[in-house]
Every structure is written in structure tokens, then in C-alpha cells.
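Contents: one structure, followed by commentary.
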Amino acid sequence: CAVKAAHLLSEIAKNEEMKKSCIEADLVLTLIPLLESRDPEMLLHAGKAIGRICYDNRGLQEELVKVGVIPSLVRILTDYAESEPLVHVALLALYNLADLDSAKEALSMTKVAEQLVKQLRRAESHERLEIVFEVLQALAENDALKAQLVDAGVPEVMSEILLRLQGSSQAEDTCVVKAASDLIVSLLLGGKKGNITDQIHKEPTSRGLSSRGVAISVDGNCLRMLQLGVIHQLLDLLEKHIQSGDTSVQQAALSALQNLTIPVVSKIQTLEEGVPERIEVLLRPESPPVQFKLLETLRTLADGQADAAEILGQDPLLLNRLVQWCSETEHSGICGEANRLLASILLHNRSQEVVKAIEAAQGVKHLVSMTTSEHAAMQNEALNALAIASAIDLETLEESFKESQLVQSLHKLLRDDNTSPEVKYNSMDLLCRLLNSGDLRQEIEEHKIKETLERLCSHSNANVVKEAITTLQVLRGET
């Protein structure tokens, strides 16, 4: 009678009130041993009953993991991989449990990655693909499981799926493509992703990896995906969905591209494959969240790479678009990110042509304005970028600096007690560069910045004091 009883319980548990009675009767603990059965029908009904009783009940779900349900679910996936009903029950159970840290830890001791890859390859329905993606997405938040997923061949399957569906315009295929792109992001970095729309108003943050071990893993994953041609598949997807106007896929693909280009070795390969030359297509989206993600992606590519910065910094179409975005008033996040990309291009390039191109595009005034940003990170980025540009070609920038009142902005930063020590230090470093221009030196002298520098010689921060002394020496012509 056990099979019939399990079947009956699985039907009873559909009703919310009866589900409470099942919990009170401790039926879950009675049903768990039935998952060791070799009878497929018993496994099916017991699995359904447990799933329905424990659905949306975190306490019971934790109890399930504690009493060892995870190995049983993986065994079902392994032994009955061809049975659609049983695979569906096991996947649903994993989907409901995968967010639990205890479940992830238990799954890391199994060969669940191999079984999920097998189910991805044989999945014929969109529903099956989506549920496997959901499980994989949750598991990729765990470093041990993420490594197993990569070793089991998830990147290869992602590449196959993107290649197969990139020409489709069906809504169901679009959802699968977005899920595949999101999963690529998780495999590269892990962790839960924030909402892009929320991010466009956030304060700038630095991007980094917590440990060298993680960095090595990420580099390897990036290279593996690049070798599979994922980067061009993502670009093809972008071009297609820019035309169709699907912003969710555009955001997902750009997130994947951004994370693919974080390691230096990936930046180099990205450049070699000519990705920056496809920038014209990427500039077409009108959706603010997509524009924000594009700017972030390009800044990641330029970060630390002079070659990338020079390619981007000599693209008139990109520079003109950037200058437009720098004036964006409705979306402050886009305005800020456009300024940061402009600063990054100057900061990482070593080319006089780039300096001239940005000056010609009227981007200098925006960087001068950025020095007075409310965010210290952005102020320092602008100050450092302008200092490097001044060292490369001050003559080209001189007129723009005068028109945008750079000297007055720097003086204000130096006088303001609320200005951070690092910003004061970088402001004086830039001042030293400006003193190489006769006209700008005259402005500096007229605004009596010397008196402000003398006061800074008694500042509480040693670096500020040192830089103030150096700047005064340069101003007096002593060095």
C-alpha cells in the first residue's frame, strides 16, 4: 500500500490547509526513507509529496537537507536520467533547496554538476532549460560548485545554446538566451547580481577580487569561454537584440562581456579579436540601463590597457556619444559613468592623438567639472586623468583649461576643509603640471593659490604637506 499512500499524500498536499496537517503529522520524516526505493513510481509520488509539503517552508527545507535528501535527489537524477517525470521532480526539489547554504555544501560533495550538464544537453522544452538554468544560477554562487560546473562542461553547453538560438526571435528562446548570458556572469564572478536599473544611481565603487585563488579561477574560466568563441556570440546577440529592442537580453549580454574582459589576459585577446571595432553597433541602444552597462563594460576593457584606451580614445563616434552622455541630466548614473569612461581613456592611454581627440570632442570641460563631483573616487579619477593628459600635451589642453576654469576649481578643492587628503594631493599634482604653461601659471599666481599652499604646509596629513611643499617650490621656480 505504500505507493498508493504516497500518491494520495502527494494529492492531499496540493491543498494548503491539508499541507499544514501533513506537517503536524511529521509525514515528511516518514516519506524521506522512501526516496531510497528502487520503484520509480514510489520515487515519483514520494518526491512530489515531499516537494509540495515543504514548498516555501524554509525550516522544513533545512530539515530535509539535514536528514540527507540531497544525495537521494542526485541519485535519482543519475539513475533515472531518461525518466522525464522523475527528473522533473528531482530538478524542482533542487530548485527549491539550492538557495540554502547547507544544500550547496551538501551538493558540493556530489556529482550534481555532471548530471545537470547532461540534463541541459538533452532538454527539449524551454521549461526544462529554464529550471536547470535556475538551479545552475544558484549553485554558481558557491566557489566549490562553480569550479565543478566549469569542469563538467557548462561553458561549452552555454556556447552551444547561444550559437543555436542567436538567430531566433521567439520569446521563449530569448528568455533562454538571457538566462545563458546571466549564467556566464555567475560562472565568471559568482555572487548575487544586483538590479541594473538600481545601479545607475549608485556611488562609484572599485572592482576587485577577494583572493588570488579566486582570481586564478576567474582567469581560467574567462580564457576557456574566449576560446569557445563566446565573446563573438554575445556580440552577435547584442546586435540582433539591439535591432529588436529587447533590453533584458542586451543587459545580460553586456554583463557577460564586461566580466569576460576583467582579467588582463582576456583584455588582450578581446583586442586581438577586434571587439572595439564593433563599438558603433553597441552605441545604438536608447535604454538607460543598457547604456549604463555598456559604459561599465567599455571602462572595464580600458582599465589598465593602453592599447584599448587608444582605440576607444580615437573613435570619434564613441567620443561624441560620450560627451552627449556626460551632459545627461535625467540619468545621473549614466552621466557619471560616461565621465568615468572618459577619464579612464585618458588615464590609461599614452597617446598625444587621444588627448587631441578628446579635446576636439569637447570632453575636457566635463572632466574639469568631474573634479568637483560629490564622490571622491570620481574626483581623483578626473584629477589623475587630467594630470596625465597635461604631461602628454599641455599645449593642446591649455585653452580648454582656461575656458572651463580649471585653476579656480583646483583652488576651491584646496581651500575646502571637507576635501579629502587624497583629492588635495592629486589637485596639487595637477597644479604642478599646469605651471609648465605661462598663461596658466599667471592664473595660478593671480588667484593667490600660493597662500593656500602655505597653509597646507601645516596640514594634518603628511602626504598633503609633502606635496604642498613641492608645489610651492615649483611655483617659486626652485625646482
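Could you state, as a whole-number percent, how many of the C-alpha pairs of region 311-427 are farther apart than 26 Å?
Numbers: 837 of 6786 pairs.
Here the long-distance tail beyond 26 Å is 12 percent of all Cα pairs in region 311-427.
Hey, what angle do you get for helix 421-434 against the long axis of the chain, alpha-carbon based, 0 to 90 degrees rounded to 10?
Helix 421-434 and the main axis of the chain meet at about 50 degrees.
For region 1-122, with every protein chain kept in place, what is the accessible area per residue (1.4 Å probe, Å²)? Each step should come with its number before you reach the end.
Working: 6200 Å² over 122 residues.
Result: 51 Å² of accessible area for each residue.
Residue by residue, what Karplus-based ³J(HN,Hα) values in Hz, rounded to whole numbers, does region 352-357 have, using 6.51, -1.76 and 1.60 with θ = phi - 60° and x for Gly and Pro?
Residue by residue, region 352-357 yields 5, 5, 5, 4, 5, 5 Hz.
Starting at 0 and stepping by 10 Å, how many percent of the alpha carbon pairs of the chain end up in each bin?
4, 18, 22, 18, 15, 11, 7, 4, 1, 0
Sort Ile334, Ile392 from largest to smallest accessible area, using a 1.4 Å probe on the heavy atoms of the protein chains.
Numbers: Ile334 0, Ile392 50 Å².
These residues rank, largest area first, as Ile392, Ile334.
I'd like the accessible area for Asp101: 1.4 Å probe, protein heavy atoms, all chains in place, Å² to the nearest 10.
We get 120 Å² for Asp101.
What's the local net charge at Ala103, with K and R +1, D and E -1, over the other residues with C-beta under 13 Å away?
Numbers: positive: Arg58, Lys66, Lys104; negative: Glu62, Glu63, Asp99, Asp101, Glu105, Glu141.
The answer is -3.
Ordering Cys175, Cys222 by how much accessible area each has at a 1.4 Å probe, largest first, what is the list? Don't jump to the answer; show the numbers that get you there.
Numbers: Cys175 75, Cys222 0 Å².
Highest to lowest solvent-accessible surface, that is Cys175, Cys222.
How much length is gained if the chain between Ala25 and Ala377 is pulled fully straight, taking 0.36 nm per residue apart and subtracting their Cα-Cα distance, in nm to one decimal?
Working: separation 352, 0.36 × 352 = 126.72 nm, distance 5.87 nm.
Full-extension gain reported as 120.9 nm.
What part of the accessible area of the chain, given as a whole %, is carbon or sulfur when the probe is 1.4 angstrom?
Values: 10180 of 21340 Å².
Carbon plus sulfur share of accessible area: 48 percent.
Quick one: check the C-alpha center-to-center distance for region 344-410 versus region 56-95, whole angstrom.
Between the Cα centres of region 344-410 and region 56-95 lies a distance of 58 Å.
For region 405-478, go through all pairs of different Cα atoms, get the mean of 1/r, take its inverse, and jot down that Kirkwood value in Å. Could you put the intermediate results ahead of the total?
Working: mean 1/r = 0.0839 Å⁻¹.
About 11.9 Å, per the Kirkwood formula over Cα pairs.
How much length is gained if the chain between Lys111 and Gln170 is pulled fully straight, taking 0.36 nm per residue apart and subtracting their Cα-Cα distance, in nm to one decimal?
Working: separation 59, 0.36 × 59 = 21.24 nm, distance 3.36 nm.
Here the segment from Lys111 to Gln170 would lengthen by 17.9 nm.
Based on Cβ point charges of +1 for Lys and Arg and -1 for Asp and Glu, what charge dipole magnitude is obtained for region 224-328 about its Cα centre, in debye rounded to the nearest 20?
Result for region 224-328 is approximately 240 debye, rounded to the nearest 20.
Count neighbours as other Cβ atoms within 10 Å of each site's Cβ, and list the trypsin sites (Lys or Arg not before Pro) in region 4-66 that are DSSP loop with at most 16 such neighbours. Display every interim value, and only then the final one.
Working: sites: Lys4, Lys14, Lys19, Lys20, Arg38, Lys48, Arg52, Arg58, Lys66; in loops: Lys14, Arg38.
Sites meeting the loop and neighbour criteria: Lys14, Arg38.
At R0 = 30 Å, how high is the FRET efficiency between Lys466 and Thr329 if r is their beta carbon distance? Nearest 0.05 is fine. Don't jump to the answer; show the numbers that get you there.
Values: r = 39 Å, r/R0 = 1.32.
Once the sixth-power term is evaluated, E becomes 0.15.
From largest accessible area down, sort His45, His331; use a 1.4 Å probe on the protein chains.
Values: His45 15, His331 50 Å².
Highest to lowest solvent-accessible surface, that is His331, His45.
With the Cα gyration tensor of region 1-122 giving a ≥ b ≥ c as the square roots of its eigenvalues, does the rule (a/c under 1.5 for rounded; else a/b larger than b/c for prolate; else oblate) give rounded, prolate or oblate? Could you put the intermediate results ahead of the total?
Values: a/c = 1.90, a/b = 1.32, b/c = 1.44.
It comes out oblate by the Cα gyration axes.
Given the pairs Lys365/Lys424; Lys4/Lys104; Lys240/Lys293, which are separated by over 27 angstrom at their Cα positions?
Numbers: Lys365/Lys424 20 Å; Lys4/Lys104 33 Å; Lys240/Lys293 17 Å.
In this structure, Lys4/Lys104 exceed 27 Å between Cα atoms.
Restricted to Cα positions, what overall size does region 81-135 have along the principal axes? Three whole-Å values, descending.
Principal axes ranked by extent give 30, 18, 17 Å for the Cα atoms.
The values are calculated or read from the model by the stated rules, or taken from the named source; none is laboratory data. None of the values given here were measured: they were computed from a predicted structure. Here the Cβ is made from the backbone with ideal geometry for all residues, glycine too, and neighbour counts use every protein chain on show. These accessible areas exclude ligands, DNA and RNA; they are computed on the full protein's heavy atoms, side chains included. Shrake-Rupley method; radii C 1.70, N 1.55, O 1.52, S 1.80 Å.
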